[in-house]
Structure formats: C-alpha cells, structure tokens
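Asks: Have a look at this one before I ask anything.
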Amino acid sequence: MMAAAIVLTTACKKEKDDPRQMIISAKNLSRMQFSMAGSGNATIDWGDGTKIEKVMLADNKDWAGLTSYIPPQFTFRHDYSGSSSYTITINGKITHLWCSDFEMTNFNVSQNPALEWFACFNNQLKSLDVKTNTALKYLYCYNNQLTSLDFSHNIALELIRCRDNQLTVKALNDLFATLVQNTDVKLQKRILISGNPGTDDCDRSIAENKGWLVEP
C-alpha cells in the first residue's frame, strides 16, 4: 500500500491566509476511520474522486471522559477501492480528534491551535510537535515510537498519556522540564510514562515540583 495523507482545515475568518491544517501520513491503508467533534458543519474530501461528504459535527460536550469508545455520531470512515496514495481534506471547526490504529507515521497538527483533545495512539509516530496547540488539554500518544516531546507552550495541558514509546531517561527529564507549572491547586495534572526505556531511572521530581503527578 502507498502512504496516505490527511489534511484537516479548520474554518476561520481568514481561511486563505490561515488554512489551519492537520496532515496525517499512513502506510498499509485500504480503509480510513477517524472520529472528530467540534461545532457547525464540516466537509470531508476522501481524496479518491468520490463525492465530497457533508457532515454536521457533534458537540464535544458528549466526548468528555471517553478514552476507549467513541459513539457513532462522531465517527467517519471510508473504504478505498485500490492501493494508492490519498489526501483527505476536512474543513470545519474541529476541537477533538481521534485517529489511532492505522500505522500513522506522521501527524502534523502545527497549524491547528483550536485542538483540545487529541488521540493518536497505537501508530508508528517517531515525532510529534504540539507546541502550537495552545488549547490542548488531553493528549493520548501512547504506543508509538516517540523519542522526544516538548510541552513548553501547552499552557492548558492537563493529561498526557505517553507510555510505551522510546523515551530515554534524558528524553523524559527533558520532557518534564518543558511542562508548564501547575498553578491551580484544585487541578491534578497527570502524565503516564510506563513502558519507556527511561521510566525507572528518570527524575520524576522535575515534574512533581511543577505540580504534576507522574504515574507509572
């Protein structure tokens, strides 16, 4: 199978000047499925010449707390007739995105600052840049091949699940150093790091001194 790419464009007032794109690359792709939430209408161009699909985005208030099952109203899928490369373009105001289990090798969300909830676990990501996603609260990037993560600009982040990656002692310590200080005594910010090469020997106090709970 050829690689595939997904381009997500978030609607905004200056669409031509500010396209707000998210790009996904995958291999061994014969079917694509992802879940998303937001507000208003959206269009999906599956990139294979089929009719552009018009959908209404379900409100993300019904998404809260979901980690293993997404209801049907959030889910969109497409089967491809042949083995080729495809570019999937989505236009709409998207705040929540779940795209896992499709052997994704690249996920570019750098131009989508509205993203609040992002699940890209069980893929083959070697890098992930979320520095411009300043609204991001929940990140599920476990079971990939990530070697580093930087959260220095993610002021809203509350939960990070980055277990089962390739984060060494140095990579985890560097990651902890980028976490933004938790100044809300009523909010417990958490990061899960089990299954990484550096889990046992990293310095968890770096994160804990910033008000984060480091879980195995």
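Asks: Filter Lys93/Lys186; Lys51/Lys137; Lys54/Lys126; Lys93/Lys131 down to the pairs with a C-alpha to C-alpha distance above 24 Å, please.
Replies: From Lys93/Lys186; Lys51/Lys137; Lys54/Lys126; Lys93/Lys131, over 24 Å: Lys93/Lys186; Lys51/Lys137; Lys54/Lys126.
Asks: Sort region 117-216 into rounded, prolate or oblate with this rule: let a ≥ b ≥ c be the square roots of the eigenvalues of the Cα gyration tensor; rounded if a/c is under 1.5, and if a/c is not under 1.5, prolate when a/b is larger than b/c, oblate otherwise.
Replies: oblate
Asks: Can you give the extra length, in nm with one decimal, that the chain gains between Asp201 and Lys126 once fully stretched, where that is 0.36 nm per residue apart less the Cα-Cα distance?
Replies: Roughly 24.8 nm would be gained on extension.
Read-outs: derived from the displayed coordinates by stated rules, not from any lab. Being a predicted model, the structure only gives us computed values, none of them experimental.
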